[in-house]
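The values are calculated or read from the model by the stated rules, or taken from the named source; none is laboratory data. None of these values were measured; they are calculated from a predicted model. Cβ placement follows ideal geometry from the backbone for every residue including glycine, while neighbour counts extend to all protein chains displayed. Accessible surface is based on the protein model in full, side chains and every heavy atom, while ligands, DNA and RNA are left aside. Shrake-Rupley method; radii C 1.70, N 1.55, O 1.52, S 1.80 Å.
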Amino acid sequence: MTKYFFSVLCGIFLFHISYAQNNQPAEGFKKSGNFKQTRNGVITGTVIDSVSKKPVQSATIFVYNESRDSATNSVKEMLAGNGITKDDGSFEIDNLPSPSHIRVQISVIGYDIYNKIIAVSPRSNNTTNMGNALMKQTAGNLQTVNVTSTVPFMQMGVDKKIFNVSQSLVSTGQTAQEVLAHIPSVSVDIDGNATVRGASPQIYVDGMPTMLTLDQIPSDLIDKVELITNPSAKYDASTGGGGIINIILKKNNTKGYNGGINGGSDTRGGWNAGGDINMRLGKFNVFARANHRSRNQKQTNHTERNNYNDDALTSTINQRGSSLNKGSFNFFSLGTDYNMDKRNIFTISGNYVRGTFNNNQPQAIDSLFNNNSTSNSYGDLLSKSSAMFRSLQGEFKYKHNFSDDGDHNLLIDVNYNRGKFNNISNINTGTYSDPAFDPSLLLSDQLRSTQINSINKNFIFQADYSNPITKNSKIEAGIRGQIGNDAPTSYQYINNSTDNIPADFNIFQQGYLDSLASSKYKSRDEVFAAYGTFSSKIGNKLSYELGARIESSNYKGTNYSIPGNVATNFKVKYPLEFFPSAYLTYNITDGQNLQVNYSRKVNRPDFFQLLPILNYSDPYNIQTGNPGLKPEFTSMYELSYNKTYAHSNNFLASVYYRHSSNLITSYQYQDPNIDSAIVNTYKNANSSKIYGLELDNSLTVAKIWDVDLNYNLFNSVINADSSLHTSKNQRWSWFAKWNNNIKLPAGITFELNAQYYSKASLPNTSGGGAQQQQQGGGGPRFGNSVGSVQGYIGSHYQFDAALKKDWKWGKGNTLSLTASINDIFGTDKTTSYSVTQFMTQNSYRMRQPRIVRFTLSYRFGRFDKGIFKKKGAQQDNSGGDDTGGMGIGG
């Protein structure tokens, strides 16, 4: 099924960008007799292996004929039709010009490209049988390599890796968090934060930044994942050093209809249901997606912190507990493409996501003091929270093709996001002098309640222009503007008592507002950019791309005092910044190449990292910003060798180096104005660097067994100044991933994935100010922001497995039952050790392992171009273009 899916996608893309449906024959075109040319020609044939004489399935058929480009008045070979072979190797392609002489090109993984010129004539009822096409096996073609022969899990583009995750079994019925966890080069922690080669990437959905978190994107709606490790100048420079992860949702532009429905449940009581459908009728392509997912997650944690003053141990805090998170979210998407004609395509689409989650987190916190004047205390804490989020996204795209083949074009993209987040949490802490929590030994009883409300808005406008000025050269240029507005408020209420607080006590009505721990902000950030690139070839082996980008950015914000609502304005403006990029590719032979690339990126401090206002919302982590923070600039270098060998197996080796100046890192200090309390803030370290080696090998071990191996070895170095109380933090680390896909008889597929992570340096905690404002609930977590550049995360590994059974019938109908299990051996535990001049901390966290999921899905569809046409209706010749996933530049 995956081979059919990939072949159809390739055919759709090439077919719709060519706009060959309305092309008129060139003056020198050969006609047969005096027949008027129509588009009712048909060709048939069978594709077979030249050695074994067995049929070749899923081969892609492209049909070309010569036509005059009305814009340039030049004769070009245009794509007239496409298709794929069936299980018996046969194919049939209709809607071809007749009479005509056409070129048939056949391509399939592991074989040389086949070409043949044939004639289509009304004298033969407009139908031509070209007989058997004999395919010769070869090592493959380098331009776009399908790395596996039966399951095209990964493709190599010019500047990106493309992962076809729609057929992934182990992430069925889950979210994008689980999907990315199995992608080579990508790491995902227990909180759903993704990193690429040690840095945080920008997350896009269909080529645009998203306000959704990974666990809010259903896995069953994801088609592909694009990974750009070193984006060129046409991409947003604010990607820092982590590159771009672009999640492409399912969409199809082939005439006819196709879609699917699915439903499932797991052994924790969670369940999911959803579906997607695409329908192409005339000039319109309508697509819709919907998904519901409920979850019931359990997590255990244990943290121990030793606090010091002048190297003397003052206290030990020990926290043990668990959390149970229950909730659900709904994802809805609707859109349409309007192919007005072969030169103009309009797309309007929108997503709406809503969810509610309830968290119940009992904790025991023991505070053991070394000061003889203070007794030990034991806390019995119960945290309950209820959160709700809403996200609305709308997008308008317009593409104008200046040429019939679509290579010379202008794309305009307007995107608007609005998100709303609300959270109410209640933390009831009883403090006792007895570890058994004897009620008669209650020292105090505190109820702390928090109300968080946040509204986020994000507007993006971009225009991208592409023009192949010669056969081998192309220029691209674009502009982009992004404006974001955030308005978070957090009101904390507190009641201290020596008596047990009644369960029905309404702290909000009593009005015990803790003004010191409450906050109200409003911020606006603006980024404006323009870019240009030039790409060309030198001879047949050497190609290059040079690019430049300029960006201007600034922050505006207001902090409101509580009470009083007195406004304090805050503003930071950064000068115009320059970001170059360069790509150089050398084709060694047909099947292997060498590429070197460079780019410069920036990580600007966010509003909360700059705002010099003390935030007491978490009494264990007092936060404040640093208005003196400078942007963090990163230079990225990469050298890659790509080799495609027998049967389209692929080997990719990459050496990378990333150097950052003015690294934004966390920092702690004691504030004498607030009883020498420890305050967490941010500071620019001197520099950091990460360099490493990444190896990818995708191969077919046997006819039924495909394997993808990924290995990443790297060294992370942070050079700090004396104020951070450490000179250098350095550690060699590595991780490996092993993905297996085995085709068994009777339509059964088995998938086994494994991953191992060695001990690694703590990730740099340079971001998340806005996110911390919205976390809400869950109780005090003094393990979150320790302000340290010293420490490590412990090693861990995980095995996931899945089994799927397919039943196929008719044309394009498939019923599938999938059973999957995560963390089979219960080994995916997150442990960490961190240290500052004021404390050392060990922590342990683990999500419940061995959750079994069952998913039933049904795929249907017909790629028949005339399925919705009434008998005798006129054929639509408007052309078309699948613009899904476009607009990522700008």
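Points to keep in mind about this one:
- The residue that is nearest to the chain's Cα centre (by Cα), counting only those in the range 460-498 that are within 30 Å of Gly419 (Cα to Cα) and of a type in the set (A, V, I, L, M, F, W, C), is Ile460.
- Of all residues in the range 520-545, those that are under 20 Å from Phe461 (Cβ atoms) and among the charged types (D, E, K, R) total 3.
- Residues of the range 275-306 that are open to solvent by less than 60 Å² (accessible area, probe 1.4 Å) and basic (Lys, Arg): Arg280, Arg289, Arg293, Arg295, Arg305.
- Any hit, the range 238-248, residues being open to solvent by less than 20 Å² (accessible area, probe 1.4 Å), more than 18 Å from the chain's Cα centre (by Cα) and of a type in the set (S, T, N, Q): no
- Scope the range 471-493; condition of a type in the set (Val, Ile, Thr) and in contact with a Ser or Thr (Cβ under 8 Å, 6 or more places away or on another chain); matching residues: Ile475, Thr489
- Ile452 vs. criteria in contact with a strand residue (DSSP E or B) (Cβ under 8 Å, 6 or more places away or on another chain) and within 30 Å of Arg354 (Cβ to Cβ): yes
- Residue tally, condition open to solvent by 20 Å² or more (accessible area, probe 1.4 Å) and either modelled with pLDDT under 90 or in a strand (DSSP E or B) (or both), over the range 255-267: 6
- Here Glu92 does not fit the description of being outside any loop (DSSP other than H, G, I, E, B), acidic (Asp, Glu), within 27 Å of Leu214 (Cα to Cα) and modelled with pLDDT of 80 or more.
- Annotation: of all residues in the range 371-404 being touching a Pro at 6+ places or on another chain (Cβ under 9 Å) and open to solvent by 20 Å² or more (accessible area, probe 1.4 Å), the one that is nearest to Gly355 (Cα to Cα) is Leu382.
- Filter result for Tyr586 (farther than 30 Å from Ser449 by Cα, in contact with a Lys or Arg (Cβ under 9 Å, 6 or more places away or on another chain) and either at pLDDT 85 or above or not charged (D, E, K, R) (or both)): yes
- Number of the condition not met by Phe421 [criteria: (1) over 30 Å from Arg480 (Cα atoms); (2) in contact (Cβ under 8 Å) with a residue 40 or more places away in the chain; (3) under 29 Å from the mean Cα position of the chain (by Cα)]: (1)
- Considering the range 836-853, the residues that are touching a Ser or Thr at 6+ places or on another chain (Cβ under 6 Å) and in a strand (DSSP E or B) include one that is farthest from Ser168 (Cα to Cα), namely Gln841.
- Close pairs (9 angstrom Cβ cut-off, 6 or more residues apart or separate chains): more than 22 Å from Arg847 (Cα to Cα) in the range 802-824, open to solvent by 80 Å² or more (accessible area, probe 1.4 Å) and assigned to a loop (DSSP other than H, G, I, E, B) anywhere: Lys811/Phe863; Gly812/Phe863
- Per the listing Pro627, Pro605, Pro619, Pro612, the residue uniquely in contact with a helix residue (DSSP H, G or I) (Cβ under 6 Å, 6 or more places away or on another chain) and either at pLDDT below 85 or crowded, with 18+ Cβ neighbours inside 10 Å (or both) is Pro627.
- Which listed residue is modelled with pLDDT of 90 or more, surrounded by fewer than 22 Cβ atoms within 10 Å (Cβ to Cβ) and either touching a Cys at 6+ places or on another chain (Cβ under 9 Å) or at negative phi (or both), from Tyr645, Tyr669, Tyr598: Tyr598
- Only strands (runs of 3 or more DSSP E) whose full extent lies in the range 613-712 are considered here, and the ones with at least 1 residues that are touching a residue at least 40 places away in the same chain (Cβ under 8 Å), within 29 Å of the chain's Cα centre (by Cα) and more than 30 Å from Val527 (Cβ to Cβ) are 632-645, 649-661, 687-702.
- Scanning the range 511-559 for residues being open to solvent by 40 Å² or more (accessible area, probe 1.4 Å) and out of contact with any helix residue (DSSP H, G or I) (no Cβ under 8 Å at 6 or more places or on another chain) gives a total of 20.
- Across the range 550-595, the qualifying residues are those that are part of a strand (DSSP E or B) and of a type in the set (D, E, K, R), and the one among them that is farthest from Ala487 (Cα to Cα) is Glu577.
- Listed conditions (1) aliphatic (A, V, I, L, M); (2) open to solvent by less than 30 Å² (accessible area, probe 1.4 Å); (3) modelled with pLDDT of 95 or more are all met by Met846, apart from (3).
- One residue alone among Leu324, Leu334 is open to solvent by 40 Å² or more (accessible area, probe 1.4 Å), free of Cβ contacts under 8 Å to residues at least 40 places away in the same chain and assigned to a strand (DSSP E or B), and that residue is Leu324.
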